[in-house]
Each structure stands twice: as C-alpha cells, then as structure tokens.
Amino acid sequence: DTGNRRIAVHLTAADRATQLAADVRQGLTASPKELPPKWFYDETGGQLFDEITRLPEYYPTRRERAILTEHAAEIAAFSRADTLVELGSGTSEKTQLLLNALSDTGTLQRFVPFDVDEAVLRHVADSLATTRPALRVNALVGDFDHHLGHLPRAEARLVAFLGSTIGNMRPDERLGFLARLRATASDGDVLLLGTDLVKDPGRLVAAYDDAAGVTAAFNGNVLTVVNRELDGDLDPDGFAHLAVWDPDAEWIEMRLRSRRAQTARIAALDLTVPFEADEQLRTEISAKFRRDGIEKELANAGWGMTHWWTDPDGDFAVSLSVP
Ligand code: AVJ
C-alpha cells in the first residue's frame, strides 16, 4: 500500500484456483454441460471483451455510456456520495464519468473498486491514485458470493454495478445478490444499476454472434483457460460458437457445440470428459430486462427504484435505487 491507495485481498489466487477446479468438475460432469461465465476473463478474455464493446453489433456499452454521459450530473447531485463503489472491473471510461461528476459536486472522497482479479484492481488503483491524488482509493479483491460484507460503510455511498453484468445471474442468484448488497446498505446509499433491455431477437443474437467472430473467440477462450489452469486438452477448434435467444427466460445463451464426438482429458482433476457430436456446452446466460420486472426484483430485495433512464432507442437502462 502506498500513499492514497490501499488494496485488501479477501480472495486469493489459490481461492480462485479452487473455485475453478470445482466449477469445471461440476460443470463438465453435469448434463447438460456448463461452465460459468466468470472464467472467460483471463488477460486474453479481457482483451477480447474490450474488443466486443467496440463492435458495431454490440450496442450495450455505447448505450450505457450515452445514458451515463447524459445523467452523470443528476446521479451525482442525487447521491451526494462521499464514496463511489464499483462492483466488477468497469471500463475506466464509465468510472471517470462518475468520478468527474462526483468531484464536481464536491462530495467525493473515496473510490472503492471491487473485483475478483487482483492484477486488474492493482492497475486501476495505481493509475487512479496517481491521476487523482486527492482521492483515496481502497481496492477490494473479492467475489459477490462471499465478500460484499467487506465493503466499507460510509455516510453516502454510490454503488455502481454497470454493463448489465447482473444479466449473467439467474433470477434466484440476482435476488440473493441484491439482498446481500441491501444488507450492507444504509440510509444515504444509492445503487446505480445498468441493465440491457428486451428487444428484437435478431439484434440480440447479432450482438452475441458478431460478423467478425470476436464473440466466438471470446467464447472459445474459456476452453483455453481451463486447459492452462487445469492441464486440460480441450480442443478449441473442435467446438463451434452458438448464441441462442430463449424467449421464455428472456436471456441469450452462449454455447459451444462439439463439432464431432470427442473426448477431453482434464489432468489436474483426473477427469475424462466425453462429448457427443453436436453436444452443447452452455458458457453464459445474459438476461435482458423490462422495467417492471427489474423494479419488482429490486423491491423483493429491499431496494426502491427512484430513477429510470434509457437511451432514445430504449435499448439499455440505467436506474437508481435506495434502501
Ligand atoms: C459483461 C456480462 C455484460 O453479457 O453482454 C459480451 C459479456 N458476453 N458478449 C454480456 C458478453 C458476450 C457481457 N457482460
């Protein structure tokens, strides 16, 4: 720790390795097979996701940025936050918008980035602590399931959960997450939530199956992560990328379809994994929301929505809620 920057590590690399091993064993022995999306984001996966956010088909990042640009001053004025908490490693660009707006109101003292990835956090914390010497940066390495209780309390926190990352959770997981977050909150706190909205399925599928094949590479990268971390021999070329809209659940599923019958070996788990030809492995759900639905989900977890903004086309929403 140096000067205005501190990093608290509640989740170590060894903890992460244990979680990955458990997720892979469980997911690849289940039927249907599944891998959780959190394992996409090694260095390559992070770079591929950055590339995705710039694709013509992937509208969410641009839409959310437009909404935040338009309403950052109002968000800052409403929250009058002394502490900005950011859940998940947001793009520094959106963080900067919020930091600037909160600095303009004169209330901001501290920034608390929260992420599973210590390296990413160190980078964020170092660069912000340098460019904003008046800001205290208290980074926290942890996951949403176990470590939300370690978030520092404050007079007024603005807790940002952007990018529609909440869409990676199933409804029951969302309720648990929002309720645990509510349990850490007190009067004066505000939740800033980014949610992608239900829209024409053609546009949704295109956003997750882009013409340049970047999302396909991002999806396949999870196999490379498993191979590297667990001494596996999954063949990235042996699987094809799929994006499927589920109209009942109202979520996009990303899957990897086995191009042929094949058997993979995960040596560190002493696990042999048979795939049938055309068998599909689910790698991500990305839920899409409607105002009524997410407002009810928030209410069920003890949050009252106070503001709801969308872009002019109604593609994406940013909301504010209070305990
Ligand atoms: C970062 C989880 C919000 O679901 O849209 C992008 C990840 N997956 N393209 C999303 C993602 C495929 C993204 N989130």
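The values are calculated or read from the model by the stated rules, or taken from the named source; none is laboratory data. Small disclaimer: the values here were computed from a predicted structure and weren't measured. Note: ideal-geometry Cβ built from the backbone for every residue, glycine included; neighbour counts use all protein chains shown.
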Practice problem: Give the range 117-144 a look and list any residue that's modelled with pLDDT of 90 or more and part of a loop (DSSP other than H, G, I, E, B), or say none. | Solution: 132, 133, 134, 135, 142, 143, 144
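So that you can scan it fast, the table gives a plain yes or no per residue for (1) of a type in the set (Asp, Glu); (2) away from the ligand (no atom under 16 Å from the Cβ):
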| position | (1), (2) |
| --- | --- |
| 218 | no, no |
| 229 | yes, yes |
| 236 | no, yes |
| 243 | no, no |
| 248 | yes, yes |
| 254 | no, no |
| 258 | no, yes |
Self-check item: Any chance residue 167 is at pLDDT 95 or above, within 15 Å of the ligand (Cβ to nearest atom), closer than 30 Å to residue 270 by Cα and surrounded by 20 or more Cβ atoms within 10 Å (Cβ to Cβ)
Solution: no
Quiz item: Which ones in the range 181-196 are surrounded by fewer than 17 Cβ atoms within 10 Å (Cβ to Cβ) and either in contact with a Ser or Thr (Cβ under 6 Å, 6 or more places away or on another chain) or part of a helix (DSSP H, G or I) (or both)?
Solution: 183
Quiz item: Which residue out of 80, 63, 6 is within 16 Å of the ligand (Cβ to nearest atom) and either charged (D, E, K, R) or free of Cβ contacts under 8 Å to residues at least 40 places away in the same chain (or both)?
Solution: 63
Practice problem: Could you name every one of the strands (runs of 3 or more DSSP E) located completely within the range 221-300 that has at least 1 residues being touching a residue at least 60 places away in the same chain (Cβ under 8 Å)? | Solution: 251-258, 262-266, 271-275, 280-287
Quiz item: Could you list, in sequence order, the residues of the range 13-35 that are part of a loop (DSSP other than H, G, I, E, B) and free of Cβ contacts under 8 Å to residues at least 24 places away in the same chain?
Solution: 30, 31
